[in-house]
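S.K.: Sharing a structure here in structure tokens format.
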Amino acid sequence: MKRIALLGATGSIGRQALEIVDAHPGLELVAAASGSQSIDGLAPLTQVGGDLTDLLERAEPDLVLNAVVGFAGLRATLWCLEHGVDLALANKESLVTGGELATEAHARGQGRLLPVDSEHSALHQCLEGRGAETVHSVVLTASGGPFRGRTRDDLADVTPEEALAHPTWNMGPKITVDSATLANKGLELIEAHFLFDLPYDRIEVAIHPTSVVHALVRFRDGAALAHLGYPDMRVPISYALTYPERAATPIPQLDLASGLTLEFSAPDLETFPLLPLAREAGRRGGTYPCAFNAANEVAVAAFLDGRLPFLGIAEVVEEALAAADGAPARDLDELVEADADARRVAERGLQPA
Ligand code: NAD
Ligand code: MG
């Protein structure tokens with residue numbers, strides 16, 4: 001029996017994970033947490049809000065699925081990595097903000113770090129067993145979101161409702177808005193940098209509207225391996241929860257005869273400036289990625305609340321990055337401080353001038 005703790009159990013990833021756990025006799029849910037919704041009786045141990053590491057200490061899980069949204073997931077990620085407890089990571093924000101601390105904790109703890117983000121799960125599978133020296137570069141695919149093909153002018157008046165209408169994936173509201181701005185792909189660039197120890201100039205982004213190819217690895221001999229599948233998060237969730245077993249799922253097999261469209265193009269960096277801003281924050285390193293994330297969380301919440309126009313999200317993030325000092329965080333407290341500083345600047349940016 002693999003003892004699973006599920007953090008973020010009421011969310012989009014959390015609910016799909018519950019389905020996978022229910023269907024697999026080798027997986028036992030020993031603990032579950034949510035942010036605010038009651039989850040009494042969902043697991044032997046439950047917690048709503050608070051410090052999630054308290055729950056993990058009590059639950060003694062073999063594997064933690066961190067499906068919390070945002071910076072709130074950081075402490076649990078670091079706890080797992082430090083304690084050598086296997087971590088299935090959906091909460092990309094924790095690796096974006098705490099990438100350096102996480103890498104160090106992982107090296108000490110020596111547990112497994114299994115990405116749940118579909119692109120990174122795909123890369124994990126394409127890279128497994130290959131020498132780092134054989135890898136030329138990797139490509140993360142992006143659907144392009146609901147506003148693919150639009151110009152900046154077109155985006156001035158778009159509503160939260162339009163931003164939440166994602167063409168291929170059905171996800172929580174924060175990541176759905178991030179997909180519409182391409183900030184999500186920016187966060188994923190930084191996530192890939194830390195997960196696979198790759199420099200930014202070897203991580204590319206390609207727009208691929210049907211989301212069938214999740215990622216691709218180019219090798220030095222000219223071969224490229226891609227990972228294909230219908231867009232369904234139960235596949236990477238199941239892969240991470242049952243690794244290395246690759247358990248069966250009820251997801252339909254890819255049907256080539258029904259016609260698959262595999263089109264790719266370069267992202268429009270002018271219309272979607274959060275992607276190049278994230279790349280720049282990643283390159284600069286230190287706490288710049290943390291500032292990027294914090295400001296983005298504040299701006300996305302304000303957009304969803306109707307307090308900020310869509311194009312304002314990138315402006316708020318750009319201002320917060322300009323104001324940040326980016327000094328590396330030596331510990332979690334310093335990271336929490338960098339996050340709070342960037343949030344303050346971002347909140348100021350929301351006030352009418
Ligand atoms: P969601 O908004 O649907 O769910 C978020 C979950 O986190 C909820 O259960 C909520 O209660 C919980 N939560 C929030 N704050 C918390 C706190 N302080 N303490 C404990 N729990 C808290 O989000 P989602 O779409 O499921 O995404 C979760 C994470 O997975 C995000 O980091 C997202 O980027 C990543 N991800 C999601 C998808 C997807 O398909 N939904 C795909 C790839 C990656
Ligand atoms: Mg993804």
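S.K.: Only one of these is over 16 Å from the mean Cα position of the chain (by Cα), within 16 Å of ligand 2 (Cβ to nearest atom) and either under 22 Å from Pro115 (Cα atoms) or among the aromatic types (Phe, Trp, Tyr) (or both): Phe303, Phe310, Phe272. Name it.
M.R.: On the way: Phe303 fails: within 16 Å of ligand 2 (Cβ to nearest atom); Phe310 fails: within 16 Å of ligand 2 (Cβ to nearest atom).
Checking each option against the conditions leaves just Phe272.
S.K.: Moving on to the next point. Report yes if some residue within segment 225-240 is basic (Lys, Arg) and either more than 20 Å from the chain's Cα centre (by Cα) or loosely packed, with under 15 Cβ neighbours inside 10 Å (or both); otherwise report no. I'd like the intermediate steps shown before the answer.
M.R.: To start, the set of residues in segment 225-240 that are basic (Lys, Arg) comprises 234.
Pick out the ones that are also either more than 20 Å from the chain's Cα centre (by Cα) or loosely packed, with under 15 Cβ neighbours inside 10 Å (or both) and you get none.
No, every residue in segment 225-240 fails to be basic (Lys, Arg) and either more than 20 Å from the chain's Cα centre (by Cα) or loosely packed, with under 15 Cβ neighbours inside 10 Å (or both).
S.K.: In segment 167-208, which residue that is at pLDDT below 95 and over 16 Å from the mean Cα position of the chain (by Cα) is nearest to ligand 2 (Cβ to nearest atom)?
M.R.: Only one residue fits best here, namely Thr168.
S.K.: Tell me, which residue of segment 300-315 that is closer than 28 Å to Ala76 by Cα and touching a helix residue (DSSP H, G or I) at 6+ places or on another chain (Cβ under 7 Å) is surrounded by the fewest Cβ atoms within 10 Å (Cβ to Cβ)?
M.R.: Checked segment 300-315; the qualifying residue surrounded by the fewest Cβ atoms within 10 Å (Cβ to Cβ) is Leu304.
A quick yes/no check of all residues on (1) in contact with a Pro (Cβ under 7 Å, 6 or more places away or on another chain); (2) surrounded by fewer than 17 Cβ atoms within 10 Å (Cβ to Cβ):
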site: Thr249; (1), (2): no, no
site: Leu256; (1), (2): no, yes
site: Thr261; (1), (2): no, yes
site: Phe264; (1), (2): no, yes
site: Asp268; (1), (2): no, no
site: Gly282; (1), (2): yes, no
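S.K.: Going through segment 19-42 one residue at a time, which ones are crowded, with 20+ Cβ neighbours inside 10 Å and either farther than 18 Å from Leu87 by Cβ or within 13 Å of ligand 1 (Cβ to nearest atom) (or both)?
M.R.: The answer is Ala31, Ala32, Ala33, Ser34.
S.K.: Tally time: how many residues in segment 1-35 are touching a strand residue (DSSP E or B) at 6+ places or on another chain (Cβ under 7 Å), away from ligand 2 (no atom under 16 Å from the Cβ) and touching a residue at least 60 places away in the same chain (Cβ under 8 Å)?
M.R.: 9
S.K.: Sticking with this one: Give segment 192-236 a look and list any residue that's polar (S, T, N, Q) and closer than 14 Å to Leu127 by Cα, or say none.
M.R.: Restricting attention to segment 192-236, the residues satisfying the condition of being polar (S, T, N, Q) are 210-211.
Answer for segment 192-236, where residues must be polar (S, T, N, Q) and closer than 14 Å to Leu127 by Cα: there is none.
S.K.: Look at Leu140 and say whether it is among the aliphatic types (A, V, I, L, M), in a strand (DSSP E or B) and touching a residue at least 24 places away in the same chain (Cβ under 8 Å).
M.R.: Numbers: among the aliphatic types (A, V, I, L, M): yes; in a strand (DSSP E or B): yes; touching a residue at least 24 places away in the same chain (Cβ under 8 Å): yes.
Yes: the conditions hold for Leu140.
S.K.: If you don't mind, another one. Counting just the residues of segment 81-101 that are part of a helix (DSSP H, G or I) and more than 14 Å from ligand 1 (Cβ to nearest atom), which one comes out surrounded by the most Cβ atoms within 10 Å (Cβ to Cβ)?
M.R.: Per the stated criteria, the residue is Leu81.
S.K.: Within the group Leu216, Leu241, Leu262, which residue is among the aliphatic types (A, V, I, L, M) and in a loop (DSSP other than H, G, I, E, B)?
M.R.: Being among the aliphatic types (A, V, I, L, M) and in a loop (DSSP other than H, G, I, E, B) holds for just one of Leu216, Leu241, Leu262, which is Leu262.
S.K.: Which of the residues spanning segment 85-104 are within 16 Å of ligand 2 (Cβ to nearest atom) and small (Gly, Ala, Ser)? So that I can check it myself, show each step before the final result.
M.R.: Step one: filter segment 85-104 for residues within 16 Å of ligand 2 (Cβ to nearest atom), giving 88-96.
Answer for segment 85-104, where residues must be within 16 Å of ligand 2 (Cβ to nearest atom) and small (Gly, Ala, Ser): Ala88, Ala90, Ser94.
S.K.: Test Ala278 against the stated conditions and say whether it is in the same structural domain as Ile190 (by TED's automatic domain parsing) and either under 20 Å from the mean Cα position of the chain (by Cα) or not polar (S, T, N, Q) (or both). Step through it out loud before you land on a result.
M.R.: Numbers: in the same structural domain as Ile190 (by TED's automatic domain parsing): no; either under 20 Å from the mean Cα position of the chain (by Cα) or not polar (S, T, N, Q) (or both): yes.
It is false that Ala278 is in the same structural domain as Ile190 (by TED's automatic domain parsing) and either under 20 Å from the mean Cα position of the chain (by Cα) or not polar (S, T, N, Q) (or both).
S.K.: Of all residues in segment 321-337, count the ones that are out of contact with any Pro (no Cβ under 9 Å at 6 or more places or on another chain), in a helix (DSSP H, G or I) and closer than 18 Å to Ala72 by Cβ.
M.R.: Count: 5.
S.K.: Mind listing just one residue for me: the one in segment 107-122 that is more than 10 Å from ligand 1 (Cβ to nearest atom) and part of a helix (DSSP H, G or I) and, of those, surrounded by the most Cβ atoms within 10 Å (Cβ to Cβ)? Reasoning before the result, please.
M.R.: Step one: of segment 107-122, the residues more than 10 Å from ligand 1 (Cβ to nearest atom) are 107-114, 122.
Subset that is part of a helix (DSSP H, G or I): 107-109, 122.
On the way: Ala107: 9, Arg108: 11, Gly109: 19, Ala122: 27.
Here the answer is Ala122.
S.K.: Now for a different question. Quick check on segment 50-73. Is at least one of its residues among the polar types (S, T, N, Q) and free of Cβ contacts under 8 Å to residues at least 12 places away in the same chain?
M.R.: The first filter runs over segment 50-73 and keeps only residues among the polar types (S, T, N, Q), leaving 53, 66.
Then keep just the ones that are free of Cβ contacts under 8 Å to residues at least 12 places away in the same chain; that gives none.
No, there is no match, as no residue in segment 50-73 is among the polar types (S, T, N, Q) and free of Cβ contacts under 8 Å to residues at least 12 places away in the same chain.
S.K.: If only one of Gln16, Gln37, Gln47 is in a strand (DSSP E or B) and modelled with pLDDT of 95 or more, which one is it?
M.R.: Details: Gln16 fails: in a strand (DSSP E or B); Gln37 fails: in a strand (DSSP E or B).
Unique residue meeting the criteria: Gln47.
S.K.: Determine which single condition Glu104 fails, assuming it passes every other condition in (1) surrounded by fewer than 24 Cβ atoms within 10 Å (Cβ to Cβ); (2) at negative phi; (3) touching a residue at least 24 places away in the same chain (Cβ under 8 Å); (4) not β-branched (Val, Ile, Thr).
M.R.: (3)
S.K.: Next up: Quick check on my filter: what residues within segment 128-145 are of a type in the set (A, V, I, L, M) and within 19 Å of the chain's Cα centre (by Cα)?
M.R.: First, the residues of segment 128-145 that are of a type in the set (A, V, I, L, M): 132, 135, 138-140, 142.
If the condition is that a residue be of a type in the set (A, V, I, L, M) and within 19 Å of the chain's Cα centre (by Cα), then Val138, Val139, Leu140, Ala142 are the ones that fit.
The values are calculated or read from the model by the stated rules, or taken from the named source; none is laboratory data. Fair warning: this is a prediction, and the values are worked out from it, not measured in the lab. Ideal geometry is used to build each Cβ from the backbone, glycine not excepted, and the neighbour counts take in all protein chains shown.
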